[in-house]
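Undergrad: Mind looking over this structure? Questions follow.
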Amino acid sequence: MKKLFILFIAAAMVAAFTVPAMAEAEWNFYGSARMGTWYVDEDPDVVGTDSDKGTLWDQQGNSRIGATVKFNDEIGGGFEMSDSFGKRKLYGTYNFGAGQLLLGQTYTPTANFWSNSVFDGDGDLLGIGQFYEGRLPMIQLKFGGFKVALVKPNVGTYEEDPGPPAVDYDTDVTLPKIDLSFDLKTDVFFVNAFLGYQTFDLDSSLTTTKDVSIDSTVYGVGGGANIGPVFFKLGVHAGSNLGDFGAYNPTGMNNGAVVNPATGKTEDNDALGYLMVVGFKAGDALTFEGGYGFQEYDSGIAGEQADEAVQYYVNATINITKGFFLVPEIGLVDLKESEVKGASEGDITYFGLKWQINF
């Protein structure tokens, strides 16, 4: 009983200090409930192996609840939580007149959403034509349409000796990841360009292998325009070692650098991706859209070929009332062949609905 009393007093004190602070700020809460209902046919394209067919019926993981906050004319922020109450965003902002400083986790400057493909939890052709690295902790400066951010680096594990016992390189990071972007947007068209760079060292613990640096770069440009009720969007990106950079990779393609312990040299994995989207707005209640995305990773290793994936889709956004809409979609994800010549990875055919209520 004594412990419960102490906890009650502590909670009351926290509330006493917190409520006045919340009353000073402007809190704008929001939420989004999303359901994905799909019929999916996964064909491995292997002789003697049948397709895996079934219905997917679940709340999407990107359902969310959050708030944006304005404390005063200079200080603000926001947070966003997922359907499982994990952190999606948590950041603070300081407007200093000439620009804005942001501290915390949100979308990086390289994040763009030019497609509205809704399969696979609002997939948006991310990782299949659209470069994406997610929401990450960072320190960002924004001046008009220009952003530069120092982002939490993405560091993987590299094996320097298969053993037994296996021995991994020690990973040393000196610099954070660096992201830049520039956006120009009008009522008629938009243009976006972005650039990212990351480097880290693999420190060998063996005298028989050398220390290695893994450098990753990504750069891209995209744009679109509205011509009456018709709209279109195009985008392309390229780079190297995007798996090490932290690129979203929904199809599991081979997209990282490879280290040859014998020579100490790094074989870069070159990336190329592009997407095309076209749509027609029939009115406030109905919009049609179709799109295509292509992604390729080439390890550069002798005897291997590029690993590719493509996606096609058509859908319609049907607005039932303000805040409630449905998106029926049909599409195909073709996994092409892997880096191993002649090894087909099959395809995924799907159709169904996304249901969404924003509140």
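The values are calculated or read from the model by the stated rules, or taken from the named source; none is laboratory data. In this text the structure is predicted, and so the values were computed from the model without any measurement. Cβ atoms come from the backbone with ideal geometry, glycine included; neighbour counts cover every protein chain shown.
Undergrad: Could you please find all residues in the stretch 29-57 being surrounded by fewer than 12 Cβ atoms within 10 Å (Cβ to Cβ) and assigned to a strand (DSSP E or B)?
TA: Result: 29, 53, 54, 55, 57.
Undergrad: Taking the condition over 19 Å from residue 355 (Cα atoms), touching a Phe, Trp or Tyr at 6+ places or on another chain (Cβ under 6 Å) and in a strand (DSSP E or B), does residue 90 pass?
TA: Yes, satisfied.
Undergrad: Can I ask one more? Could you grab me the full set of residues in the stretch 252-270 that are free of Cβ contacts under 8 Å to residues at least 24 places away in the same chain and within 18 Å of residue 131 (Cα to Cα)?
TA: Once the filter is applied, which keeps residues that are free of Cβ contacts under 8 Å to residues at least 24 places away in the same chain and within 18 Å of residue 131 (Cα to Cα), the stretch 252-270 yields only 252.
Undergrad: Please enumerate the residues belonging to the stretch 199-221 that are of a type in the set (S, T, N, Q) and in contact with an Asp or Glu (Cβ under 7 Å, 6 or more places away or on another chain).
TA: 199, 204, 205, 209, 213, 216
Undergrad: Additional query: Residue check: is residue 218 surrounded by 16 or more Cβ atoms within 10 Å (Cβ to Cβ), more than 21 Å from the chain's Cα centre (by Cα) and within 25 Å of residue 295 (Cα to Cα)?
TA: So residue 218 does not fit the description; no.
Undergrad: Ok, one more. Of the residues 293, 279, 303, 273, which single one is more than 14 Å from residue 128 (Cα to Cα) and either modelled with pLDDT of 95 or more or touching a strand residue (DSSP E or B) at 6+ places or on another chain (Cβ under 9 Å) (or both)?
TA: Of the residues listed, the single one that is more than 14 Å from residue 128 (Cα to Cα) and either modelled with pLDDT of 95 or more or touching a strand residue (DSSP E or B) at 6+ places or on another chain (Cβ under 9 Å) (or both) is 279.
Undergrad: How many residues does the stretch 223-237 hold that are outside any loop (DSSP other than H, G, I, E, B) and either more than 16 Å from the chain's Cα centre (by Cα) or over 23 Å from residue 178 (Cα atoms) (or both)?
TA: So the count comes out to 10.
Undergrad: Is there any pair with a first residue in the stretch 26-39 that is at negative phi and touching a residue at least 12 places away in the same chain (Cβ under 8 Å) and a second that is surrounded by fewer than 12 Cβ atoms within 10 Å (Cβ to Cβ) and among the small types (Gly, Ala, Ser) whose Cβ atoms are under 9 Å apart and which are 6 or more apart or on different chains, and what are they?
TA: 39/54
Undergrad: Against the definition (of a type in the set (Gly, Ala, Ser), surrounded by 14 or more Cβ atoms within 10 Å (Cβ to Cβ) and either closer than 28 Å to residue 190 by Cα or over 22 Å from the mean Cα position of the chain (by Cα) (or both)), how does residue 306 come out, yes or no?
TA: Spelling it out, residue 306 is indeed of a type in the set (Gly, Ala, Ser), surrounded by 14 or more Cβ atoms within 10 Å (Cβ to Cβ) and either closer than 28 Å to residue 190 by Cα or over 22 Å from the mean Cα position of the chain (by Cα) (or both).
Undergrad: For the stretch 184-196, which positions are assigned to a loop (DSSP other than H, G, I, E, B) and of a type in the set (A, V, I, L, M, F, W, C)?
TA: 188
Undergrad: In the stretch 225-255, which residues are within 23 Å of residue 193 (Cα to Cα) and among the small types (Gly, Ala, Ser)?
TA: 225, 235, 238, 239, 240, 243, 246, 247
Undergrad: Count, please, the residues in the stretch 263-305 that happen to be part of a strand (DSSP E or B) and under 20 Å from residue 239 (Cβ atoms).
TA: 16
Undergrad: Taking the stated definitions as given, is residue 185 buried (at least 16 other Cβ atoms within 10 Å of the Cβ), charged (D, E, K, R) and either under 18 Å from the mean Cα position of the chain (by Cα) or under 30 Å from residue 230 (Cβ atoms) (or both)?
TA: For residue 185, the condition - buried (at least 16 other Cβ atoms within 10 Å of the Cβ), charged (D, E, K, R) and either under 18 Å from the mean Cα position of the chain (by Cα) or under 30 Å from residue 230 (Cβ atoms) (or both) - is not met.
Undergrad: Which ones in the stretch 96-147 are surrounded by 18 or more Cβ atoms within 10 Å (Cβ to Cβ), without any contact (Cβ under 8 Å) to a residue 60 or more places away in the chain and either in contact with a helix residue (DSSP H, G or I) (Cβ under 9 Å, 6 or more places away or on another chain) or among the hydrophobic types (A, V, I, L, M, F, W, C) (or both)?
TA: Selection gives 102, 111, 138.
Undergrad: If residue 244 satisfies all but one of (1) free of Cβ contacts under 8 Å to residues at least 60 places away in the same chain; (2) acidic (Asp, Glu); (3) not in a strand (DSSP E or B), what's the number of the condition it fails?
TA: Every listed condition holds for residue 244 apart from (1).
Undergrad: Exactly one of these conditions fails for residue 178: (1) closer than 15 Å to residue 245 by Cβ; (2) surrounded by fewer than 16 Cβ atoms within 10 Å (Cβ to Cβ); (3) not aromatic (Phe, Trp, Tyr). Give me its number.
TA: Unmet for residue 178, out of (1) closer than 15 Å to residue 245 by Cβ; (2) surrounded by fewer than 16 Cβ atoms within 10 Å (Cβ to Cβ); (3) not aromatic (Phe, Trp, Tyr): (2).
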